[in-house]
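Right, one structure below, let's go through it.
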Amino acid sequence: MKTVTLIKGDGIGPEISDAVIKIINASGAVIDWDIQTAGADVIEEEGTPLPDRVIESVKRNKAALKSPVTTPIGKGFRSVNVQLRKELDLYANLRPCYNLPNVKTRYDKVDIVVVRENTEDLYAGIERQVDEDTAESIKRITRGASERIAKFAFDYAVNNNRKEVCVVTKANICKLSDGLFLESARKIASIYPQIKFREILVDNCCMQLVQNPNQFDVLLLPNLYGDIVSDLCAGLVGGLGIAQGANIGEDYAVFEPVHGSAPDIAGKDTANPTAILMSAIEMLNYIGEVEAAKKIKLALFETLNAGIKTADLGGNARCSEFTEAIIKRLNVLVK
Ligand code: ATP
């Protein structure tokens, strides 16, 4: 039996993570969940939204499934997500974006994987107030981090039968910082002659994505462009309710939906658990539960094909009904 950390989160976090646990239990995979709480709810008792026990748990178990966690704004706490990525050195943010069956979108056959550098760029938080009317943020890019993420993207391409890696920068303007990211990608690309390599500027990339997304395969981006472009890609295939994600490092991986805790719909049984379920499928693959992952994906696709969908996708199924419909199909597949 494998032990996996489960960060239950808040807002819609508990209802969508409960749904996923039920589905995984029905898939034949036997997981011992190490349940950890984090976020606004634990601050009063533990003085921080991300207690050490959460980090220790992920370090012990190597893999985690994380529901959205709210970091209170303006109380001086660093984002739980950013801190978790930093403490565990989860340098790669991986977001596969592809059409799901019976989810209506503008384009068919979109199949893009966004690889975003997760540790530096404007997200390093190096800012200063120069004077009352002037503030500065430093865009920090290093050769080490850039080569490491480029290698991750090319390895991903090789291991997942992808044809092309396209590096996205604004190297014509940010000549030194984005220039270094581009130079690093070029260097790593030369080690992988079997994978096509393409370069594009981020503004052109956005335009091409909304006009003809089918031309793209794996996208490789520094942190800020990666954040923005990956949401654009999520929008192309159906939006937040289905957008999966993973943060991966050398030693640990945290799988989580792209969306936040959606407090407006919390506790109403209307949230779509697909994004966290798709993230959980990748978690199962990561820990070697490949058969269970395959069956869950099939049951999810059959459920969507049968027209059972939550409100965000234009359906009328509640979160619990959608979950039960997937389990019903899984029970047949697992027999
Ligand atoms: P954060 O800053 O934590 O990302 P946010 O409020 O900007 O939070 P989300 O919490 O992701 O963004 O939600 C934005 C809106 O999208 C919500 O108000 C909700 O209506 C919708 N939404 C997000 N996730 C889901 C989901 N799983 N199912 C259905 N609707 C969702």
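The values are calculated or read from the model by the stated rules, or taken from the named source; none is laboratory data. Since this is a predicted model, take the numbers as computed values, not measurements. FYI the Cβ positions are ideal-geometry reconstructions off the backbone, even for glycines, and counts take in every protein chain you see.
Counting only helices (runs of 4 or more DSSP H) that sit wholly inside the range 1-69, those with at least 2 residues that are under 17 Å from GLU282 (Cα atoms) are 13-25, 52-61. Annotation: of all residues in the range 79-93 being under 14 Å from ASP227 (Cα atoms) and more than 16 Å from the ligand (Cβ to nearest atom), the one that is surrounded by the most Cβ atoms within 10 Å (Cβ to Cβ) is ALA92.
May I ask you to verify whether THR37 is among the hydroxyl-bearing types (Ser, Thr, Tyr) and touching a Phe, Trp or Tyr at 6+ places or on another chain (Cβ under 6 Å)? Taking the combined requirement at face value, the residue does not satisfy it.
The residues on offer are PRO51, PRO96, PRO68, PRO101, and the sole one that is within 16 Å of the ligand (Cβ to nearest atom) and outside the structural domain of ILE149 (by TED's automatic domain parsing) is PRO68.
Of the candidates ASP89, ASP111, ASP178, ASP133, the single residue that is touching a residue at least 40 places away in the same chain (Cβ under 8 Å) and over 30 Å from ILE276 (Cβ atoms) is ASP178.
Would you check if there is a residue in the range 280-302 being of a type outside the set (Asp, Glu), within 25 Å of SER57 (Cβ to Cβ), within 16 Å of the ligand (Cβ to nearest atom) and touching a residue at least 60 places away in the same chain (Cβ under 8 Å)? Yes. With respect to the conditions (1) in contact (Cβ under 8 Å) with a residue 60 or more places away in the chain; (2) exposed (fewer than 15 other Cβ atoms within 10 Å of the Cβ), GLY76 falls short on a single one, namely (1). Here CYS233 clears all of (1) within 11 Å of the ligand (Cβ to nearest atom); (2) under 29 Å from LYS62 (Cα atoms); (3) in a helix (DSSP H, G or I) except the condition numbered (1). Residues of the range 259-289 that are part of a helix (DSSP H, G or I) and farther than 16 Å from ILE23 by Cβ: PRO263, ASP264, ILE265, TYR286.
Among the residues of the range 210-230, those that are more than 25 Å from LYS139 (Cα to Cα) and buried (at least 19 other Cβ atoms within 10 Å of the Cβ) comprise PRO213, PHE216. Scanning the range 293-319 for residues that are part of a loop (DSSP other than H, G, I, E, B) and within 12 Å of ILE23 (Cβ to Cβ) yields nothing. Sort out which residues of the range 5-19 are over 18 Å from LYS268 (Cβ atoms) and within 15 Å of the ligand (Cβ to nearest atom), and write them in order of number. Across the range 5-19, the qualifying residue is only ILE7. For the residues ASN305, ASN316, the requirement of being free of Cβ contacts under 8 Å to residues at least 24 places away in the same chain, surrounded by fewer than 17 Cβ atoms within 10 Å (Cβ to Cβ) and among the polar types (S, T, N, Q) singles out ASN316. Being within 12 Å of the ligand (Cβ to nearest atom) and surrounded by fewer than 24 Cβ atoms within 10 Å (Cβ to Cβ) is a property that GLY260 has.
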